[in-house]
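Take a look at the structure below.
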Amino acid sequence: MSAGILSDRAIRALFDGGKLAAGRPLDADQIQPASLDLRLGAKAYRVRASFLPGPNNAVEDKLARLSMHEIDLSDGAVLETGCVYIVPLLESLALPGEISASANPKSSTGRLDIFTRVMTDFGQEFDKIAPGYNGPLWLEVSPRTFPIVARTGSRLSQIRFRQGHALLDETELLDLHKAETLVASDNPNVSGGGIALSIDLAGQGPDSLVGYRGKHHTAVIDVDKRAAQDVFEFWEPIHNRGSADLILDPDEFYILVSRESVHVPPLFAAEMTPFDPLVGEFRVHYAGFFDPGFGHSEAGGAGSRAVLEVRSHEVPFILEHGQIVGRLVYERMLERPEALYGSGMGSNYQAQGLKLSKHFRA
């Protein structure tokens, strides 16, 4: 049996074969080259704390004990910072025994510091769907920096399906880098199963923009409205003041960018994993999917860099230009997708540099 990530064509086949179901018709752009956007259902349940259902419970059973109140999402509702909500998703699964899945926040979700994790009935891990899972999907949502407005159909998370073990080992990763240049580095750091990304704190020189820090006590952000917000009402710009380093304040939220451009060839998919906290009291806060075609020149992506959501924990930490902050792991696709990221899809972050989410006016 071949191993690999399912493409857009195969995801449509899951729907056609009844292995994926939805509470209403799919959105026209919901299926991505190697993933599916997941949509919020009709209600959100405010709970006292995050939880996992565990091997003996359906999510709904735990909600009966932990839910504080129920919120109608049909016309939109405010989800407050510091609160935890559980939302049934419109999509449900009846996976074949050879297909597993994993989930991640969408890029825009991570850039708004909205913490999301997918749960399944009887699940013992977040964001992991076991082979052959048959049942509903639930999303834990917790806005961390900005309060948000969300509604039925809002898309905060995404799911990727795989058959078998498709992950490239370090030798395969180096060979692929030599053939395709995965990151713009002559001497790539390949270890821990991934290829390293470092931080750009130099920008274009003195006084140039190198990042943003989230403000507190802001207005709400509607997750479904593009270019509706003023950057400076929500973000404090960070400029290169000549030292090419940055002191991360504990529990503040930063948007930064990788020094290297990133390339995901059409027959591969990538994922950024949080960097090992043993090298410092910080981490790239949200792992993320990179679809086939990201940074691919034929799809208009030459020079695309990775935007990084960074948070320090417990103590202030000095981040220096060129310091490693994350790693990309690559997996094989089962087939080339019908559409690549960026090529005619209206992809928001192809050819990006330092870029906030789509909700802010340029």
Open item on the list: How would region 185-247 be classified by its alpha-carbon gyration tensor: rounded, prolate or oblate, with rounded meaning a/c under 1.5 and the a/b versus b/c comparison settling the rest?
Closed with: oblate
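Between GLU236 and HIS69, take the C-beta separation as r, use R0 = 30 Å, and let me know the FRET efficiency to the nearest 0.05.
0.30
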Task: Rounded if a/c under 1.5, otherwise prolate or oblate - region 139-214, Cα gyration tensor axes - done: oblate
Open item on the list: Suppose we flag GluC sites (Glu not before Pro) only when DSSP calls them loop and at most 11 other Cβ atoms lie within 10 Å. Which is the longest uninterrupted stretch of the chain?
Closed with: 1-313
Open item on the list: Helix-only mean residue ellipticity at 222 nm, the chain, DSSP H runs n ≥ 4 weighted -39,500 (n - 2.57), per residue, nearest 500. What is it?
Closed with: -2500 deg cm²/dmol
Task: Lys, Arg +1 and Asp, Glu -1 on Cβ, resulting dipole of region 4-163 about Cα centre, debye, nearest 20 - done: 200 debye
Task: Centroid-to-centroid separation of region 202-252 and region 317-344 [C-alpha atoms, Å] - done: 22 Å
- [ ] Considering Cα pairs under 8 angstrom that are at least six residues apart, work out the relative contact order of the chain and quote it in whole percent.
- [x] 20 percent
Open item on the list: Could you tell me which residue out of ALA130, ALA244, HIS296 lies farthest along the dipole of the chain toward its positive end? Charges go on the beta carbon: Lys and Arg +1, Asp and Glu -1, centred on the Cα centre.
Closed with: ALA130
TODO: At most 15 other Cβ atoms within 10 Å and a DSSP loop assignment: could you name the trypsin sites (Lys or Arg not before Pro) in region 22-84 that fit?
DONE: ARG48
Task: Prolate/oblate/rounded label for region 20-110 (Cα gyration tensor, a/c 1.5) - done: oblate
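Tell me the per residue accessible area of region 70-209 using a 1.4 Å probe; a whole number in Å² is fine.
37 Å²
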- [ ] Measure out, as a whole number of angstrom, how far apart the alpha-carbon centroids of region 37-59 and region 68-118 sit.
- [x] 8 Å
- [ ] Taking the dipole about the Cα centre of region 170-332, with the C-beta of Lys and Arg at +1 and of Asp and Glu at -1, give me whichever of SER208, GLY192, GLN323 is farthest to the positive side.
- [x] SER208
Task: Rounded to the nearest 20 debye, dipole of the chain from Cβ charges on Lys, Arg, Asp, Glu - done: 660 debye
- [ ] Run the dipole for region 170-332 about the Cα centre, Lys and Arg Cβ at +1, Asp and Glu Cβ at -1, nothing else charged, and hand back the magnitude in debye, nearest 20.
- [x] 180 debye
Task: DSSP-loop trypsin sites (Lys or Arg not before Pro) across region 189-228, with at most 16 other Cβ within 10 angstrom - done: LYS215, LYS225, ARG226
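The values are calculated or read from the model by the stated rules, or taken from the named source; none is laboratory data. Keep in mind that what you see is a predicted model, and the values were worked out from it rather than measured. Positions of Cβ are generated from backbone atoms using ideal geometry, with glycine treated the same way; all protein chains shown enter the neighbour counts. Side chains included, ligands, DNA and RNA excluded: accessible areas come from the protein's heavy atoms. Shrake-Rupley method; radii C 1.70, N 1.55, O 1.52, S 1.80 Å.
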